[in-house]
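Have a look at the structure below, then the notes.
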Amino acid sequence: MKLPRTPSFRLDQRIALVIGASSGIGQASAASLAQAGAHVICAARGVARLEETVAAIVEAGGSAEAVELDMADVEETKRVVASCQRLDILVNSAGLARHGPAMESTEDDFDAVSRVNWKGAHFAACAAAAKMIETGAGGSIITISSQMGHVGGIDRSIYSASKHALEGMTKSMAIEWGKHNIRVNTLCPTFVRTPLTEGTFANPERVAWIQEKIRLGRFGEVEDIMGAVVFLASDASGMITGSSIMIDGGWTAG
C-alpha cells in the first residue's frame, strides 16, 4: 500500500515579496520564508533596518534583497511589484496604529490608518495578483491582519475597522482569483511584542486587559507567526483560501 505524503512546506525556487520587512512580524516573516528556501524581496520605508535584515538573512544562508517602499504610495507599490521578474508569494505586514477613544479620533487618524492598513493592502494585493496572473503560475497572498479584525478593542475603533475591512477584502479577492490558482488569506495575531506595540505594553492597564483575554497565559512573540506564514505560502495549504488563521492564544474563542 502506498501511503499519501504530506505536501511540502519547502519554498525552493519561489520568489516572495514581504512588505514591512524591516522589523517585527514582517522581518520574522521574511526570515521564515528564506529559511524555507524562497528568495525574499524585503520591502519597507526604513532602508537602514531593511539592509540589516537582508544582511542577516544572507549571513544565515538565505537569499534576499532590499527594496525601499512606502505602502501609502499606491503607484510606488505597483511599480515595485511590476518590476519583479516573477512573484509567487506576497506577505503584507505593513501596518499603522493610532489608538485612542473613538470620540477623540481625528480625520487625519482615520485617513492615515486606512491609507496603509486597508487601501495600501488592497492595491498591493491587486498588483501581486496581476503579476501572478501574468506569469500563470498562481501564488499565495498573505496579509497580516489582527484578532481585532474579528473582535473589538479598547481605544481601537479605527484600527479594528481597518482590520475588519481586510477580512472582507480577503474573502472577495479569494472568490475572484481562485480560478487563477491564487490563494488569499490572512493571519490574525494577538498582541505581539514588536515596535508597533511598545505603547500598549507600556500601559499597565492594557497589559492587564491582554493577560485576562489570552487563554494561553502569555503574550505573542514573532516566532509564533513564522510557521503559519510558511504554511500559507507553501503547498501544504493548497486548499486554503479566503480564510483567517487565528494566532491569538484563544482570545477570540470566547
I want to confirm something. Restricting to region 219-236 and keeping residues that are in contact with a strand residue (DSSP E or B) (Cβ under 7 Å, 6 or more places away or on another chain) and not in a loop (DSSP other than H, G, I, E, B), which single residue is modelled with the lowest pLDDT? Gly220
Any residue at all in region 113-132 that's within 14 Å of the chain's Cα centre (by Cα), of a type in the set (Val, Ile, Thr) and within 26 Å of Thr197 (Cα to Cα)? yes
Looking only at region 24-53, how many residues end up being touching an Asp or Glu at 6+ places or on another chain (Cβ under 6 Å) and modelled with pLDDT of 95 or more? 2
Under the condition of being surrounded by 19 or more Cβ atoms within 10 Å (Cβ to Cβ) and among the aliphatic types (A, V, I, L, M), which residue from region 175-198 is nearest to the chain's Cα centre (by Cα)? Leu187
Among the residues that make up region 86-93, is at least one of them farther than 24 Å from Phe123 by Cα, out of contact with any Pro (no Cβ under 9 Å at 6 or more places or on another chain) and touching a residue at least 24 places away in the same chain (Cβ under 8 Å)? no
Residues that are without any contact (Cβ under 8 Å) to a residue 40 or more places away in the chain and either in a helix (DSSP H, G or I) or not charged (D, E, K, R) (or both), drawn from region 162-196: His164, Gly168, Ser172, Glu176, Lys179, Phe191
Go through (1) crowded, with 24+ Cβ neighbours inside 10 Å; (2) over 23 Å from Ser32 (Cβ atoms) and name the single condition Ile142 misses. (2)
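Assess whether Ile175 counts as being at pLDDT 90 or above and within 17 Å of Val91 (Cβ to Cβ).
No: the conditions fail for Ile175.
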Near pairs, Cβ below 8 angstrom, 6+ apart or cross-chain, from region 19-35 (surrounded by fewer than 24 Cβ atoms within 10 Å (Cβ to Cβ)) to any residue that is in a loop (DSSP other than H, G, I, E, B) and of a type in the set (Gly, Ala, Ser): Ser23/Gly46; Gly24/Ser93; Gln35/Ala60; Gln35/Gly62
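The values are calculated or read from the model by the stated rules, or taken from the named source; none is laboratory data. Predicted model, so just to flag it, every value in this text is computed and none were measured. Glycine gets a Cβ as well: all are built from the backbone with ideal geometry, and neighbour counts include every protein chain shown.
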